[in-house]
1. How much length would be gained if the chain were fully extended between residue 255 and residue 41, taking 0.36 nm per residue of separation minus their Cα-Cα distance, in nm to one decimal?
2. Restricted to Cα positions, what overall size does region 131-232 have along the principal axes? Three whole-Å values, descending.
3. Exactly which GluC sites (Glu not before Pro) in region 71-126 are in a DSSP loop and have at most 15 other Cβ atoms within 10 Å?
4. Dipole size in debye (nearest 20) for the chain around its Cα centre, Lys and Arg Cβ +1, Asp and Glu Cβ -1?
5. Tell me the angle of helix 2-19 to the major Cα principal axis of the chain, expressed in degrees between 0 and 90 and rounded to the nearest ten.
6. Assuming R0 = 35 Å, can you tell me the calculated FRET efficiency for the pair residue 270 and residue 175, based on Cβ-Cβ distance, to the nearest 0.05?
7. Pop a pseudo-label 7 angstrom from the Cα along the beta-carbon direction at both residue 61 and residue 246 and give the gap in nm to one decimal.
8. Take residue 134 and residue 224, extend 7 Å from each Cα along the Cα→Cβ direction, and tell me the distance between the two endpoints in nm.
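Where a number appears in this text, it was derived from the coordinates with a stated rule and is not lab data. Remember, it's a predicted structure, so these values are computed and weren't measured experimentally. Cβ: placed from backbone, ideal geometry, glycine included. Neighbour counts: every protein chain shown.
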Amino acid sequence: MKSYLLAAAPLCLLALAQAQTFSPNANLKADGIPPISADLVARVAPYTEFRGHGFVDWHPQRKQMLVRHREEGANTTQIYRLSEPGGKLEKLTDFSDPVGAASFNPVHGQYLVYARASGGSEASQIYRLDLDTRQSTLLSDPDERSSARWTHKGDRLLIAALPLDRSAKGGRRDTVSTTLRLVDPLLAQRSPVLVTLPGGGWGGYQFSADDKRIAALQYRSPSDSEVWLIDAATGAREQILPRPGAPKAGFGDLQWSADQRSLFLTTNQRGEFFELA
């Protein structure tokens, strides 16, 4: 009887030790990592529960705002509406994937446009969310990685897109290009391409006040970027910075002047640090 108890004791201690350790899920391969105690997991847990609130957008006509938040027990950030000061948050999106970028229609605010990537792919798609029905409609091409920018009039979105590798012939692509489309968010149909821009790194799109021109950046490095103007009707483009013969420089933070004759921006053209110009 004593020998049986002595033999069983190590097995009981092993089972107890296993119950008090943390095991990674099946998607993680732990190689050479010592057992993690349940006590350590409990002590670290408060530092992983950052569920703060972030401002996203104002309603154009009402005293409402969009907020991003991860509620208690949830794994992803979603979009909420706050309808009054100190009021209760109303959850607008509810997906297994995080949603952190969204905006009201800038004129009447009757629907949202938001970006979401599926399955952790980081390939964002653009959707319209009808606030009455809570139905989402895909506005971008599912074989592209997309971002969006409203016109000032609020009737169209500029959707900039890069094709995903899975759409490349043979799994590879010799050249990369960025396409721009002006999309009516209320029409769930593919819009024609406004312009195809060579390469990647395009962004910083800013419409002039009359929505007739688009200022855009092509970024290569902090000291090598270009500023372009694009005709919003024809897609014709013109490089305005750096000027011919000028050295390479970094540019950013494009903003149109009120009279639409100038651009405010930041640049390191004159030194090590970025300055207003």
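1. Details: separation 214, 0.36 × 214 = 77.04 nm, distance 4.75 nm.
Full extension of this stretch gives 72.3 nm more.
2. Here the Cα extents, ordered largest to smallest, are 44, 38, 23 Å.
3. 71, 72, 122
4. 200 debye
5. Tilt relative to the chain: about 10 degrees.
6. Numbers: r = 34 Å, r/R0 = 0.97.
Using R0 = 35 Å, I get an efficiency of 0.55.
7. In this crude spin-label approximation the distance works out to 4.3 nm.
8. For the pair residue 134/residue 224, the computed spacing is 5.0 nm.
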